[in-house]
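Read through the structure below, which is laid out as structure tokens, and then see the notes.
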Amino acid sequence: MSRRSAIGTGVRPPAEDSMALIYGEAPAPAAEPNPDSSPANQPAVLAHLSVRVDPDLLERARDLAYWDRLTLVAIVEAGLRAVIADYEADHGLLPARPRAVSRGKRRSLSEPG
């Protein structure tokens with residue numbers, strides 16, 4: 001039974017398939033612990049995102065997270081990756097956007113610096 005057909009049928013595939021679904025590959029074999037790679041020694045590289053979603057969609061995501069032992073973050077990341085990959089498959093790679101406008105007071109071009 002495929003992974004997609006198992007969702008919502010009450011049949012739960014093995015947990016290791018969940019990570020392959022999210023990252024699109026088989027999980028890597030467990031490596032020996034390295035004291036230099038502990039979470040305390042690694043800088044945080046994740047960005048914060050706040051969104052508002054339809055309450056029914058959020059409940060479905062929570063159900064998926066519960067039954068497949070995932071986090072909502074993993075589900076959202078997988079969804080964003082899938083949407084972007086589909087878009088880029090249809091339209092090609094997107095160029096980088098112009099540098100972001102800095103936060104703070106906005107000035108018109110005619111105002112002195």
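Just a few scattered comments:
- A single entry from Leu72, Leu64 fulfils the requirement of being modelled with pLDDT of 80 or more, aliphatic (A, V, I, L, M) and under 21 Å from Leu46 (Cα atoms): Leu72.
- Single residue of Leu94, Leu58 found to be modelled with pLDDT of 60 or more and not in a helix (DSSP H, G or I): Leu94
The values are calculated or read from the model by the stated rules, or taken from the named source; none is laboratory data. Owing to the predicted nature of the structure, the values given are computational and were not obtained by experimental measurement.
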